[in-house]
Structures are given as structure tokens and as C-alpha cells.
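Structure first, commentary second.
Just so it is clear, none of the values below were taken in a lab; they were calculated from the coordinates. Fair warning: this is a prediction, and the values are worked out from it, not measured in the lab. For neighbour counting, all protein chains shown are included, and Cβ atoms are generated from backbone atoms with ideal geometry for every residue, glycine included.
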Amino acid sequence: MNIISSGNGPALFCFVGFLLVTIGITVFASRGPKSATQYFNAGGKIGAGQNAFAMAGEFLSAAALLGMTGALALKGFDAILYSVCVVASWPLILFLLAEPIKRLGTFTLTDVIAWRLAKQPVRIAVGLASIPIVLIYLITQLVAAGGLVDLIFGIPYLPAVTCVGTLMLSYVLFGGMLATTWVQIIKAILLLGGAIVLTVMLLAKFDFNLFAMFRAVSDAYGVETLAPHTTFGLARWDTISLCFAMTVGALGMPQILTKFLTVRSTAQARRSALYCTGLVGVFHILVLLLGFGCLALVGRSAIGDAGGAGNMAVPLMSRLLGGNAFFGFICAIAFATTLAVVAGLLLSAATTFAHDIWGGVIRRGRNTNEARVARIAATAISATAVVLALAFQHQNVAFMVGLSYSIAASANFPVLMLALFWRKLTTMGAVCSILIGAGVSVLLIILSPTVQIDILHRSPEEFAQLWWCFPLKNPGLFSIPLSFAVGIAVSLFRPEAEAHKKFTEMQQALALKPEADSGETVKTAETNYAATSVQVH
């Protein structure tokens, strides 16, 4: 039963209300200043608290609300690894990356990686590596959104995904970073608020006794559902590989790290990361409770029958606890989650192509309208993601996020660490590290059971007989160390005196006192971009 067929006005009002508010924000943002810095990083004028909610809105995707709860309901305690790993990544971002990215970056993550290296080769490599990262993550969000629209309105999956893709594109085309940031802030507030309300309603069912809820799960599905399972052989290595990739993958996700460029100073960048760490941690505690609550109240069979590999567990529980009106509210929040994340992803990908590839490589810094190119790139990327989302309709979105994180962890994380902390990294070493990391991780995903069995529908027996296939579902355990090794080996084999010299300059730039930094970093983007002062038409 969907909202339309049930004639539930309040539920429909919740859903449409959010869309109208976010569209209004986009219209408002489109009337603001038209400079490239405003379009790409909101002029660096977002506050620390606002940015923390925007980062949480970017980070807490549909996989967090829908995929992780569904995975917990279907797989039990083992699925908590997703939450533990992504929460663990935020202290690393806080202590390792927040300040360097703000000091060295302009518009994209590439600005940081290429700060002391030859710009054009690095821009090309990062641009190529960003394609699979963004596409898989976009597909993840579109799969979740398509399932939600189908569940709510009864619209078939294909037109549902197309409508979502069109809507997310409008935020990027007309509003830029300012509209995207505010959509993410609103979404984060709604998501945390909705999760808290839903958790309170869930606990009220058990008289606020957590042990009663877990006892209900244990009685229905066995005590082993509440405990981690001992894994052997390939399953153990697959788990280790997943944890590794999910923990360091966030440190290579460009749409998350570039959020540090929207604040005024490095102090605000650090505070943004600190506040966001708390928001993400609280949310994932709620996810743990909601996942087992879905299992206790809705039941594993009902969740499985709803389709989407468990992605509809939370919407089903919201209907059970609060009726159709609350069901519509939770679905609107989940939909807001998807729109906010895909808008940030799309803008990050479009900015990388327009600023790094078009402006930095093709036009070589000559005056050009990068924002217009970014809009064209965003349109092409969104259309591609909609087409590919059809093939992944029945995949659990939390697991698909793990694949995207694996590529980011393999392509961006190693070279970012080497660029910031290893003096001997060279341009050739960075390029080889990025391309090998991205290429090997994508190749291993294609050769893995995820594609060969789940997408191409080979039988497990047939897959086991293919000598050229990769046995693990997650390639991070192999591709991440390989990327590090390639970057180090190539840099040692082909040293670069200029990169060595500029490492000292970079260290001096990073050693600036915060009080000297606070009055100047507001102008960083405009200063670095002065040579190509571009207007958006």
C-alpha cells in the first residue's frame, strides 16, 4: 500500500513539503553572487556548525539509514561492521586531513594532492579515478531512492530513478555549493531528528527496556543473531578487506573532504570535523538499535519480501509504529538523504572535471567558464548513473557503498597520505599510484562475486571454476597496499628535485599559526583563482 492508494494526505504533505523547501533554497541560491568561488565552494563563508551538519548530511547517505538497518535485520550483528568502520574514519579525518586540506585546497581534492607536484598529470589521474568512485556512489543513492518512490507512490523503478536523477541535477545546475550545502544541512537535521523519534517510538514498544528488545530478537532468531560470527577462510579475509576499505575510504572521498573548503579558517575546519564526528557517532548508535528493532517488530521474512535486499526495513517499521503519516515522514527523510548526498556527489564530480580537467589541463589555466562546463558534466554524469542504476536494482546499498569506498581508499587515500607526509613522492609516483589503485580495484570488483554472481548471475559452482576470477567481494586488502607500494617504488626509481623542494614549502605553509591564518583563509579561493577569474552566465 503506497501513499497515493491510501489517500494519506499528511504523509504526502511531508514528502512534497521537503521538495518544495529544497527547491526554494535552490532558487534563492541561484539569485546570489555568480563568481566561480561562490558556485564551487560557497565563497568559503559557511560556519563551522553549519558545515558540520552539511558534512554529516553528505556522509550519512541512504546506505546509513536504509542499507545498514536492513543489513542488520537480515544478517544480524555482523553487519555492525559497516557502522563501526565509518565512525572510526572520522577521528582520522579530524587529526590528519582537516587542517591540511583547508590550507592547501582551493576547489577540489586534486588541489591538495598536486600542491607540490606537476599539476596537469595529477589532475588527469585524479579525474579518471573519480569516475568509478562517483558513479558507484551515485548508483547506490539512486537505487535507494528508486525503491522509496516505488514504495511510496507505486511508481515503477525506471521512471522513479529518472525523476530522482532529474531533481538532483536541478540542485547542482542552479544552486551550486550554497544550495547543496543547505539541502544537506536540512537533511542532516531531519535525518537525526527522525532517527531519534523513531528510536524513541521503538523503545516505547518495549517499555524502554533494551534487554526486552534484544530478548525478542534472540527468542525469534536465536542468540547467535546478537553476536559476531567466527569466520574462516575467504570469509574472514573478505571481512578484513571490507573493514580496511570502509575505515580509510572516507579519507579519499572527494565530496566529503572538499567540505573543508567551504569554511573560513583552519580552526573552523577542525571544529567542523569534531562536531561531525559526534553527529555521525550518535547516528550510528541509533542505527544499531533501529536495525534490531526492525528485526524484532517487522520480521526478517517481511523485510525480505519487501525487496531491495533489506533497504525497506526502516520504512516498514515506521508504518508499523506510527501509521501512514509517520511512514510518509520517514520516507521523506530517507528521500531527502538521497537527494542531499547525490547533489554533493554530482557537484564534486562536475567540479573535478571542470576545474581540474577542463580548466587545468585542456585550457591550461586560460580564462574559461568552468561553471558552465561543470553543469554540462553534471548532466552527463547523472544520465550515466541513472542508466547504470537499473542493473543494481536488487543490491543492498550499504554493501555498494563499500565498493565505492574501496576505490576511493585505493586511488585517493594512499597518494593523499604520501603527498602530505612523505617528502620523496614524485609526480610520476603519484600518477601511477592513483591509476593503479583505481584500475586494480575496479578490475577486482568486476572479477569478484559481486559482479560475476550477483549481476551476471553465474552460479557459485561456475564461478568457483573460473581461474581468472577474484574470490573476495571487496578488493581493498589488495588494492590499497598495492597503491602505496607503486607510489613509493616509482618515486624512488624516478626522483624529482622540484617535488622534494616544494615539500619543504608545503610544510612551512602548514606550520602557519592559526591566528595568522584566521584573517586570510577567507580569501584563499579568490587569491588562488585570480588568474582565471570566471563568471557564471
Review point. Within the set K187/K473; K102/K502; K259/K502; K205/K473, which residue pairs have Cα atoms separated by over 29 Å?
Key: K187/K473; K205/K473
Revision key, fill the gap. Yeah, segment 105-147 with a ≥ b ≥ c from its alpha-carbon gyration tensor (a/c under 1.5 is rounded, else prolate when a/b outruns b/c, oblate otherwise) is prolate
**Study point:** Per-residue Cβ neighbour rank within 10 angstrom, fewest leading, L443, L345
**Key:** L443, L345
Study note, to complete from the structure: Simple SL model, points at 7 angstrom along Cα→Cβ for R215 and T379; separation in nm is 6.2 nm
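For R423 and Q508, compute 0.36 nm times the residue count separating them, minus their Cα-Cα distance, and round to one decimal in nm. Provide the component values of the computation, followed by the final result.
Working: separation 85, 0.36 × 85 = 30.60 nm, distance 1.30 nm.
Roughly 29.3 nm would be gained on extension.
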**Study point:** Part-to-part distance (alpha-carbon centres) for segment 397-459 and segment 102-131, which is given in Å
**Key:** 17 Å
Revision key, fill the gap. Segment 178-206 and segment 264-326 have their Cα centres apart by a whole-number Å value of 9 Å
Point to revise | Spin-label pair A88/F208, simplified geometry with 7 Å Cα→Cβ offset, distance in nm | key: 3.3 nm
Check your understanding: Given the Cα-Cα distance of I189 and C163 and 0.36 nm per residue of separation, how much length would full extension add, in nm?
Key -> 6.9 nm
**Study point:** Inter-label distance, nm, simple model (7 Å from Cα along the C-beta direction), F493/W467
**Key:** 2.7 nm
